[in-house]
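As structure tokens, the structure follows; a few thoughts come after it.
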Amino acid sequence: MTARIGVITFPGTLDDRDTQRAVRVAGAEAVPLWHRDKDLKQVDAVVLPGGFSYGDYLRAGAISRFSPVMETVIEQARAGMPVLGICNGFQVLTETHLLPGAMLRNNHLHFICRDQKLRVENANTAWTTDYEAGQEISVPLKNIDGRYVADERTLDMLEAEGRVAFRYLDGNPNGSLRDIAGITNEAGNVVGLMPHPEHAVEPLIGTGRTDGLGFFTSILKRLVNA
């Protein structure tokens, strides 16, 4: 049976098509999901892609958090469904409190777009098992509200529990505390990161490398072997 991975589209989402393509390149079935529809169409996992949902009004991800589809996503994520939030999707996950912390304007106050080197810190989540802890990868980064922040107690907890999933290398692009590029929840089924792995799944586009493909092959193997 082919794994079905849902990709949500909000008003202002930019990268839903690229994410659907990444899912297909990995060998799974991409299922489009609309923000106003609570029905997840019996998918096995969900991706919240990048973009500027609702124009980032109020705060990035703050309005999308109340979309009807998110009621079901929150419920299913808490029940164990794998959920990946990329860039704006990461912002939405922090707004739902499925992941701790918050995303603020980049410390240099400018939009940034570049290939970004990352270090994999946790290779045991549902979305990272095809990587190795300590592995260095390069995927595109593009954001203006990408600065991850949390109080010291939360940061210490994330570090102690191994929940920092990715860390920036070769320069912090946005002022994220402790160079955090992505985190996971305690169960390891929910992962959020600011860089865009869906733009690095084929050698002809993005970075010219396939360093981001591991996100999608990881979840596919997880679902097939479940």
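Scanning the stretch 211-224 for residues that are out of contact with any helix residue (DSSP H, G or I) (no Cβ under 7 Å at 6 or more places or on another chain) and under 17 Å from ALA123 (Cα atoms) yields ASP211, GLY214, SER218, ILE219, LYS221, ARG222, LEU223. If you go through the stretch 191-205 one residue at a time, do you hit one that is closer than 14 Å to THR19 by Cα, open to solvent by 30 Å² or more (accessible area, probe 1.4 Å) and either among the hydrophobic types (A, V, I, L, M, F, W, C) or assigned to a loop (DSSP other than H, G, I, E, B) (or both)? Yes.
Selection of the stretch 152-166 for residues being surrounded by 19 or more Cβ atoms within 10 Å (Cβ to Cβ), closer than 12 Å to ALA133 by Cα and out of contact with any helix residue (DSSP H, G or I) (no Cβ under 8 Å at 6 or more places or on another chain) yields ALA165, PHE166.
Under the condition of being open to solvent by 20 Å² or more (accessible area, probe 1.4 Å) and more than 20 Å from SER218 (Cβ to Cβ), which residue from the stretch 126-144 is nearest to the chain's Cα centre (by Cα)? This residue is LYS142. Looking only at the stretch 76-121, residues that are of a type in the set (Asp, Glu) and closer than 25 Å to ARG222 by Cβ come to 1 in all. Of the numbered criteria (1) over 22 Å from THR217 (Cβ atoms); (2) out of contact with any Lys or Arg (no Cβ under 8 Å at 6 or more places or on another chain); (3) hydroxyl-bearing (Ser, Thr, Tyr), the one THR2 fails is (1). Counted as qualifying within the stretch 2-116 are the helices (runs of 4 or more DSSP H) with 3 or more residues that are closer than 25 Å to GLU136 by Cβ and open to solvent by 10 Å² or more (accessible area, probe 1.4 Å), namely 16-26.
The values are calculated or read from the model by the stated rules, or taken from the named source; none is laboratory data. Keep in mind that what you see is a predicted model, and the values were worked out from it rather than measured. All Cβ positions, glycine included, derive from the backbone under ideal geometry; neighbour counts span all protein chains shown. Ligands, DNA and RNA are stripped out before the accessible areas are found, and what is left, the full protein with its side chains, is counted by its heavy atoms. Shrake-Rupley method; radii C 1.70, N 1.55, O 1.52, S 1.80 Å.
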